[in-house]
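Visitor: This structure is in structure tokens; I'll ask about it shortly.
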Amino acid sequence: MTAFRNLIYDFEEFGLIIRDLLSGIKTIRDSWDETLTEMYLIGSKALPLVLLGGLFSGVILAIETGHQLKIFGATSLISRTVSLGMVRELGPVVTGLLLAARTGAKNSSEIGAMKLSDQIDALTAFGFNPVHKLVLPRTVAALIMFLPLTLIADITGIFGGMLIAYQTFQIELAWFWDTAVNALKMKDLFVGFAKPFFFGFFISTISCYFGLRTKGGTTGLGKNTINAVVYSSIVILILDFIFTKIVWEVL
Amino acid sequence: MVELKNISLSFGEKLILENVSFTIENNLTTVIVGPSGAGKSSILKIIAGLWRPDSGEIFFNGKDIFKMCESEYQTMRKKIGIVFQSNALFDSLSVTENILYFLPERKSLTDHELKEISERLLNFVNMDGTGDLYPEELSGGMKKRIAIARALAFNPKLILFDEPTTGLDPLNSASIIELIEKLKESGTTSVVVSHILNDVVELGEQIIVINDGSIVESGRIEKLITSEDPFVNKFFYRLIKHDRIMKSSYNMYELVNV
Ligand SMILES: Nc1ncnc2c1ncn2[C@@H]1O[C@H](COP(=O)(O)OP(=O)(O)OP(=O)(O)O)[C@@H](O)[C@H]1O
Ligand SMILES: [Mg+2]
């Protein structure tokens, strides 16, 4: 019963953060420097990860589907499968999960350490809203940076699939690329590009939320960082499911 | 300036403060003393607006702060600064950036004016030339002085100090106490939480003794060392003993010199 009450309490607190975030949207002008710094950190530090994540997803997708398609003599469909799979699903989800780990852990541990050393209380005591000062710049930075990073993952993924298709299934490079790009319809692009915004928003707000409620010294900090990564990842998987379901049924 | 009336606070079942009432007079240094866990920091957090008490009233210049409208409340908040027990400096920012962080008019000043302000504040706390350092490069006493400079940039009428001298050597403690005295001269009222008897004697113009969340005695030091209350007696025992030694050595001195 207390677990249930705690859950309700968590949702309530999380809701308050979202409310503060929205009500403070105009104060982003005062935190533009912080936002740029966060954007730079997300972009520069996550880029190698996203390149690797994207490349290997594409490669594996091509190998697995290639062998299945070969049974039906349909290896020419690899390009379609890889590009649709990357743009709609794997690109956003792999990028989301990598960033949930990287950005999520960073936000939560940074803000958590600030909380433990009274820096958050200092902000409040001197009349600043910690959500405006800390959560808003991080969330805006995530909203801006997640799309380009996802795009990069998509492209490297298709590129990786193309190499495998050429090397293992003897499909011509230029032909692969053309069919891969032509297979993408407006709907696919919409799905693939909308996801990063939702993922970015929830990764940022969830991890900042866990940072802000840190208590109980270093053990608490560790626990909250784990929670931040775990919950952001779970939310990404659930959101992805909801998205996919809606897209197949409604659009 | 600030009046607390019947403030009570509890966390769950645990009573932290019970019916705490006292007044912080303009330009009179108030020292709050008591053992660890007595609720001293909690009182400061309530005055600083970080925690809301379960019951009781707080008046700022005669106005009930829980009945103020938002803008009135914000204006009032800008008159109160706080120096945390842990300093709470922003560790990702340099000393200068820390000091200027809470400066209300920061956005409208030129870089040159900002530099001037930070240099003036660093000079006030005897930390000239440290502006480019980061908090982790400072010693405990230096951090404390930067935290004071940061609170001063806010230009408050009232500053709350949570154990400003705990963990500092006698020289550093003395310099912090001097700073608080210097502030008084410039018209800033201080509330100092401490359990160091020396601070109490040097700073306390009004001393509040708190134990287990309630006030057991308050007044000037002369009143406290002659108090009948057994807790106050025990708490100030060393001071009382010291006082007697001073008196008896003075008597000896008189005897010898007669
Ligand atoms: N966030 C909190 N949640 C629950 N209990 C708390 C919290 N903060 C403080 N307390 C409890 O409130 C009581 C008073 O704490 P407070 O920090 O005010 O004491 P203090 O007089 O400042 O002690 P010290 O001299 O050790 O700093 C303590 O018993 C403490 O355990
Ligand atoms: Mg304390």
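Coordinate-derived values only; no laboratory data. Computed from a predicted model, the values in this text were never measured in an experiment. With ideal geometry, Cβ positions are generated from the backbone for all residues, glycine too; neighbour counts draw on all protein chains shown.
Visitor: Take the eigenvalues of the Cα gyration tensor for segment A:30-245, scale each by 5, and report the square roots as semi-axes in whole Å, largest first.
Guide: 40, 16, 13
Visitor: Given the DSSP H assignment, sum -39500 (n - 2.57) over each helix run of at least 4 residues in the protein assembly as shown and divide by its residue total; what's the result at 222 nm in deg cm²/dmol, nearest 500?
Guide: Value at 222 nm, helices only, nearest 500: -20500 deg cm²/dmol.
Visitor: Shifting gears a bit: Just to be sure I follow the rule: in segment B:100-168, considering lysines 8 or more places apart or on different chains, how many pairs have Cα atoms under 21 Å apart?
Guide: Lysine pairs meeting both conditions in segment B:100-168 amount to 4.
Visitor: With the convex hull built on the Cα atoms of the protein assembly as shown, state its orientation-averaged projected area in nm².
Guide: Average of the hull's projected areas for the protein assembly as shown equals 32.8 nm².
Visitor: How tilted is helix A:173-182 with respect to the longest principal axis of chain A? Cα atoms for both, answer in degrees (0 to 90, nearest 10).
Guide: With rounding to tens, the tilt is 60 degrees.
Visitor: Another question, then. Tell me which residues come under 5 Å, amide H to amide H, from B:I82 once H is placed; ignore anything under 5 positions away on its chain.
Guide: Amide H neighbours of B:I82, under 5 Å, 5+ apart: B:L160.
Visitor: If you don't mind, another one. For chain A, modelled as a Gaussian network with Cα springs under 10 Å, which listed residue fluctuates most, A:S207, A:S108, A:S76?
Guide: Judging by the Gaussian network model, the answer is A:S76.
Visitor: Please grab the % of Cα pairs in segment A:147-223 that end up more than 19 Å from each other.
Guide: Numbers: 1693 of 2926 pairs.
Pairs farther apart than 19 Å: 58 percent.
Visitor: Next question. What number, in percent, do you get for the relative contact order of chain B if the mean sequence gap of Cα pairs under 8 Å and at least 6 apart is divided by its residue count?
Guide: Computed value for chain B: 25 percent relative contact order.
Visitor: Please list 3J(HN,Hα) in residue order for segment B:85-101, calculated via the Karplus relation 6.51 cos²θ - 1.76 cosθ + 1.60 where θ = phi - 60°; whole Hz, with x for glycine and proline.
Guide: Values per residue, Gly and Pro as x: 3, 9, 6, 6, 6, 7, 6, 8, 10, 6, 4, 4, 4, 4, 5, 7, 4 Hz.
Visitor: If I model a spin label at B:K67 and B:S86 as a point 7 Å from the Cα along the Cα→Cβ vector, what separation in nanometres do I get?
Guide: 3.7
Visitor: Go through segment B:63-69 residue by residue and turn each phi into a ³J(HN,Hα) via Karplus (6.51, -1.76, 1.60, θ = phi - 60°); whole Hz please, and just put x for glycine and proline.
Guide: Once θ is set to phi - 60°, the couplings for segment B:63-69 become 9, 5, 6, 7, 10, 6, 7 Hz.
Visitor: Between B:T110 and B:E205, what's the calculated FRET efficiency when r is the beta-carbon distance and R0 is 41 Å? Round to 0.05.
Guide: Rounded to the nearest 0.05, the efficiency is 0.55.
Visitor: Between A:T27 and B:S175, what FRET efficiency follows from the Cβ-Cβ distance if R0 is 45 Å, with the result rounded to 0.05?
Guide: Working from the Cβ atoms, E equals 0.75.
Visitor: Gain in length, B:N27 to B:N6, computed as 0.36 nm per residue apart minus the alpha-carbon separation, to one decimal in nm?
Guide: Gain in length upon complete extension: 5.3 nm.
Visitor: So what are the ³J(HN,Hα) numbers for segment B:53-60, from phi and the Karplus equation (6.51, -1.76, 1.60; θ = phi - 60°), rounded to whole Hz, Gly and Pro as x?
Guide: Per-residue couplings from phi come out as x, 6, 8, x, 10, 10, 10, 10 Hz.
Visitor: Could you calculate the FRET efficiency of A:V181 with A:I238 from 1/(1 + (r/R0)^6), where r is the beta carbon distance between them and R0 is 35 Å, rounded to 0.05?
Guide: My answer for the efficiency is 0.70.
Visitor: A follow-up question, please. Mind putting a number on the dipole of the protein assembly as shown about its Cα centre? Charges go on the C-beta only, +1 for Lys and Arg and -1 for Asp and Glu, and I need it in Debye to the nearest 20.
Guide: So the dipole magnitude of the protein assembly as shown works out to roughly 960 debye.
Visitor: So, with +1 on the Cβ of K and R and -1 on the Cβ of D and E, and no other charges, what is the size of the charge dipole of segment A:30-245 about its Cα centre, to the nearest 20 debye?
Guide: My answer is approximately 460 debye.
Visitor: Lys/Arg Cβ at +1, Asp/Glu Cβ at -1, dipole of the protein assembly as shown taken about the Cα centre: which of A:F11, B:I196, B:F236 is farthest positive-ward?
Guide: Of the listed residues, the answer is A:F11.
Visitor: Enumerate the amide H contacts of A:A74 below 5 Å, restricted to partners 5 or more residues apart or on another chain; note that Pro and chain-start residues carry no placed amide H.
Guide: Residues meeting the amide H criterion: none.
Visitor: Still on this structure, please answer the following. Could you point to the residue in B:L103, B:G129, B:A151 farthest towards the positive end of segment B:94-154's charge dipole, with +1 and -1 charges on the Cβ of Lys/Arg and Asp/Glu respectively?
Guide: Highest projection toward the positive end goes to B:A151.
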